[in-house]
Structures are given as structure tokens and as C-alpha cells.
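What follows is one structure encoded as C-alpha cells, with my remarks underneath.
The values are calculated or read from the model by the stated rules, or taken from the named source; none is laboratory data. These numbers were taken from a predicted model, which means no experiment stands behind them. When we count neighbours, we look across all protein chains shown, and the Cβ atoms used for this are built from the backbone with ideal geometry, even at glycine.
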Amino acid sequence: MRKIIIMKLIVIKGIVILLLLLMGGTCWAQTSEVQSINLKRRLDQYSDKAAHVLLGGFVAAGAYKHGADSNTMVLSAATVGLLREAFDQYYAQKWDNWDLLATIFGGVLMTVL
């Protein structure tokens, strides 16, 4: 029972750290036009990261449904994240380590929960 509580606290701590990392970065003391452009770009980034977390979670859940252990669940999410980023690199010349991390985080989150 204590181990489960500790794991849930670790997951909550990871979520808080991820959110803090995603929210930091741009200066909000700009003109309103530039600020609205930055806000749209930031919201697009949030939705992209949320999609990656969901992707990792779905992959881990699918692996669990087929009898995988926790290590295989996370490895499956990491593999799909790497394939997705390789696809982005090939077609859009854009590799994003944060997207990869978000996909793996979704797999870890599904494994712990």
C-alpha cells in the first residue's frame, strides 16, 4: 500500500515539473499583437504535448491489454515516440525531444496508474 502511494506521489511530482517546464520560457511583456501570436503558438504547443502524452498512454494500455509487463509498456511508448519523431524529422525536418519525452511520460503515467 505504501509503495502505491509513493508511486502516485512521484507521478504527481512529474506532472507538476512537466507543466512548469511547458509554461516557462516566453516574455509576456510585449505588445498585444505579438502577445496574442505567442499565446496561440503556446496553446498549439500544449495541445501537441497533450496529444503525445495521450499517444504514449494509449500505446502502453494496448501493450498491457496484450499481457505486457510494466517495462514493456514503457518501452512500447518510447518506441512509438521515436518512430513518430523520426517521421517528423523525415517529412517536416523537425525533431522535438520534448515530444518524445511527453510520449514516454504518457507511457509511464499509464503504467503507474
Worksheet item: Tally time: how many residues in the stretch 60-71 are over 18 Å from the mean Cα position of the chain (by Cα) and hydroxyl-bearing (Ser, Thr, Tyr)?
Response: 1
Discussion item. Under 8 Å between Cβ atoms, which residue pairs at least 6 apart in sequence (or on different chains) link something in the stretch 35-64 that is closer than 19 Å to Trp98 by Cβ and modelled with pLDDT of 85 or more with a partner that is aromatic (Phe, Trp, Tyr) and surrounded by 14 or more Cβ atoms within 10 Å (Cβ to Cβ)?
Written reply: Val53/Phe105; Gly56/Phe105
Fill in: Any chance Leu100 is aliphatic (A, V, I, L, M), crowded, with 17+ Cβ neighbours inside 10 Å and in contact with an Asp or Glu (Cβ under 8 Å, 6 or more places away or on another chain)
yes
